[in-house]
Each structure stands twice: as structure tokens, then as C-alpha cells.
Amino acid sequence: MRTFQRSVAVTLAATTIAAIAACSPPEKESASASSSAATATSAADLGGMDALVAAAKKEGQLNVIALPPDWANYGEIIKAFGDKYGIKVNSAQPDASSQDEINAANQLKGQDKAPDVFDLGGSVASANTALFAPYKVSTWADVPDSLKDANGTWTNDYGGYMSIGYDSAKVPAPAGVADLLKPEYKSKVALNGDPTQAGSAFGAVQMAALATGGSADDIASGVDFFGKLKKAGNFLPVDPTPATVESGQTPVVFDWDYLNVAQAAKVKTWKTVVPNGAVLGSYYVQAISKDAPHPAAARLWQEFLYSDEGQNLWLKGGARPVRAEAMQKAGTIDKTAYDALPKIEGTPVIPTEAQNTKAKETLSASWAKTIG
């Protein structure tokens, strides 16, 4: 799954919307709050955070999908949310792609098992905004305008840079993308998913395009690179996981820097490089399903993710939270974790939605023919 842009300073402000009067008997009030949550565009629509928390606890559950526990620290995030609010988090298909999230929402629509929330790569998110419910968290003003939809339909959440991870005990250090075509990398280079469906794999093709004379939207040279990688016998058609990295099955992996860096916790010889001249950054996209079976819990989950606590938990996982700059100014960021982020050389390229759309068209037309 998964699609970062550097944050810019935004002045913290409160979003206020008229609160709904609470005049029903207790049981009806709770049911009404949960029902109202499906159309609430802020906590204020439900009467404030306390009312949102009460409605979410009444629902008692939250369905998430495609959130590996070792991806951006989601394992700890899920546990922290569940422990804090006493809500059971049902985590389905942790290794699924962004497109799998959308497919599940469509296939399970109207069922209790349908996803409540999405965490998507930018290209998949931009193609499926009709499935999202607008919602603005209480820290909405901290998120730069360029990293959110003005109506709250989607919001960028955390990001990183595309990188090459490698086991230094098994392969030489690659100075750049082109080095991976050398014989030393025979049957050793893996891509995290199918780029037509998975955000991290999509970013890898964009990075390869930058390294081979293309751009974030003109990615033909990036697709060609992977075609050459396959022809050389270096492309390994295995989706990498912590298990494949630890076993040595996937000694070279294209992935976001926070995911590659995390592998070093178990594989001490695992190194991560962001090639100079091919620095591609991207954020993932957070959204609520308009058909969420637990609409209050879905909105409370968003509030938690964009709180200082949630943002610092992403940061603990090596990802760059979207509110980082505002939290730095407020003194609420985990400075040790922030200072430990990988250093980047060169000017980052941050794809726009239009560039991602154009790049996706190229992938749809040529990836299968090139890779087979």
C-alpha cells in the first residue's frame, strides 16, 4: 500500500461548528449520536469531543485495513487507541495494497466488516474520493493547505522518502538506481507490491524515472528501468516483508525510508540509501469511509491520529508526521525521534496530484506489458 510533502508552518486555530442539542433520553441520545456521526464533519457536530468519545464507545469497535503492525508503528498506534478508549480494533488484511482497501470497501458495503477508515497511496486515493466522508479533526489548522482537501474529504497523514534498502552482508552498496542493473544484484531486487495498486511500489517507479532522466509524471523511463532489471535477471518477483528480509530472500528492497530503516532492528547489516538526484517524497492519505459501519469510532480514530500523541507515534516509527512543523513550534514533538530521521541530500521532488494521475495512466498502459 501506501504516497510526502514537506510541511509548512500553519497557525493553530480552532474549528467551531454549532453543537447539536442533547435533549433525548440516555439510550436514544446515544443511538442518535452514533447515527449523527455518519454525517458529522467535525467533533463539534456531535456536541464536542466528549460526545464523540461516548458515541464511539457505544459502537465499541473500529475496522481498519491494510495496516501492518511494523508499518510506521501501526502496531503500537492500534494498541494505544484501543487501550485509551476501550474500543476493539479489528485489523483486516494487514499486508493488503491501497487498491485492496478500496476493493474491500466496495465488496463489503453495508456489512459490519466493511472498513471504517482508509490509509491510501495518493494515486489510489485521488481516484476514489467519492467513497470518502468529509471530516475535519480538531488540529485541522495545523495541516498545511497543500496537504489536505479544503472540505476535509481527505488529509495527508505521514510521509517519507523512497529509498533502496539492502543487506550489506549480501550485496555491495548501491551508489544509485543504475547500479542495481549490475550482475552483483542477480535475482536480488524486490519491489514492495504492484505499482498499479500499491503506493510504495508506485513511488519506486517514480524514483527510478527521476534517476533515468524522467520526472514524477513522465515515468516511461522508470518503467523501462524495471523492464531492464527483469531482462538482466535482477528483478525478484517477491513482495518483501520483514520475514523475507530477515531470511535473506529479498536482499534489496525499494521502499519508503521509514520502512527500510525499521528493518535494521532485526537485520543488523541492513542499510538504507536515498539516492542523490532521485529524492522522491510523498505522504499517505487518511480518509473515512462514507459507508463506515462505525462512523463515530472512525472519526475518533482520526482525532487520535492527528493528536500530538498519534503524530508522535508515527514519528516513533520513523515516518514524518504531517503536523511536524507545527508541533516543533509548539514544543510538543518527540525531538529525539525527529532528530533521528534519515538525512537527505539533494532537492526533494514532491509529486502533485496531477503528476500522479498522469504517471498512473502510463503505468496502466505499460507496466503489465513491460514486466509481464
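Lys and Arg at +1, Asp and Glu at -1: add these up for the other residues within a Cβ distance under 10 Å of Ala297 and post the number. Each step should come with its number before you reach the end.
On the way: positive: Lys57, Lys58, Lys88, Arg299; negative: Glu59, Asp116.
So the surrounding residues net to +2.
What order do you get for Thr153, Thr250, Thr362, Thr129 when you list them from fewest to most C-beta neighbours inside 10 Å?
Details: Thr153 21, Thr250 24, Thr362 18, Thr129 14.
The order, fewest Cβ neighbours first, is Thr129, Thr362, Thr153, Thr250.
Straight-line reach from Lys186: which lysines have a Cα under 22 Å away, not including same-chain ones fewer than 8 places off?
Lys170, Lys228, Lys230, Lys231, Lys271, Lys369
Would you work out which of Pro348, Thr244, Tyr74 lies farthest towards the positive end of the dipole of the chain? Charges go on Cβ: Lys and Arg +1, Asp and Glu -1.
Farthest towards the positive end: Thr244.
Please give the Cα centre distance for region 230-298 versus region 119-167, rounded to the nearest Å.
18
Would you mind computing the Rg to Rh ratio of region 170-299 from its alpha-carbon coordinates, Kirkwood style for Rh?
Working: Rg = 16.3 Å, Rh = 15.8 Å.
Ratio value, two decimals: 1.03.
Summing -39500 (n - 2.57) over the DSSP H runs of n ≥ 4 in the chain and dividing by its residue number, what mean residue ellipticity at 222 nm do you reach, to the nearest 500 deg cm²/dmol? Kindly include the intermediate steps, with their values, before the conclusion.
Details: 14 runs with 139 residues, N = 372.
Roughly -11000 deg cm²/dmol at 222 nm, from the helical runs in the chain.
Direction-averaged shadow area of the convex hull around the Cα atoms of region 189-255, nm²?
Values: hull surface 16.9 nm².
For the Cα atoms of region 189-255, the hull's average projected area reads 4.2 nm².
Which of Lys358, Lys343, Lys79 comes first, and how do the rest follow, when ranked by fewest Cβ neighbours within 10 Å? If you can, show how the numbers build up before the last one.
Details: Lys358 17, Lys343 5, Lys79 13.
Neighbour counts put them in this order, fewest first: Lys343, Lys79, Lys358.
Which residues' amide hydrogens lie under 5 Å from the amide hydrogen of Asn234, considering only partners 5 or more residues apart or on another chain, with H built in the peptide plane?
Under 5 Å from the amide H of Asn234: Ser187.
What ranking of Phe226, Phe254 emerges when the number of other C-beta atoms within 10 Å of each C-beta is taken as an exposure proxy, fewest first?
Working: Phe226 23, Phe254 26.
Starting with the residue having the fewest Cβ neighbours, the order is Phe226, Phe254.
What's the magnitude of the charge dipole for the chain around its Cα centre, counting Lys and Arg as +1 and Asp and Glu as -1 at the beta-carbon? Answer in Debye, nearest 20.
Computed about the Cα centre, the dipole is about 680 debye.
Every number here is computed from the coordinates shown, using simple stated rules; none is lab data. Here the structure is a predicted model, which means the values were calculated and not measured. Here the Cβ is made from the backbone with ideal geometry for all residues, glycine too, and neighbour counts use every protein chain on show.
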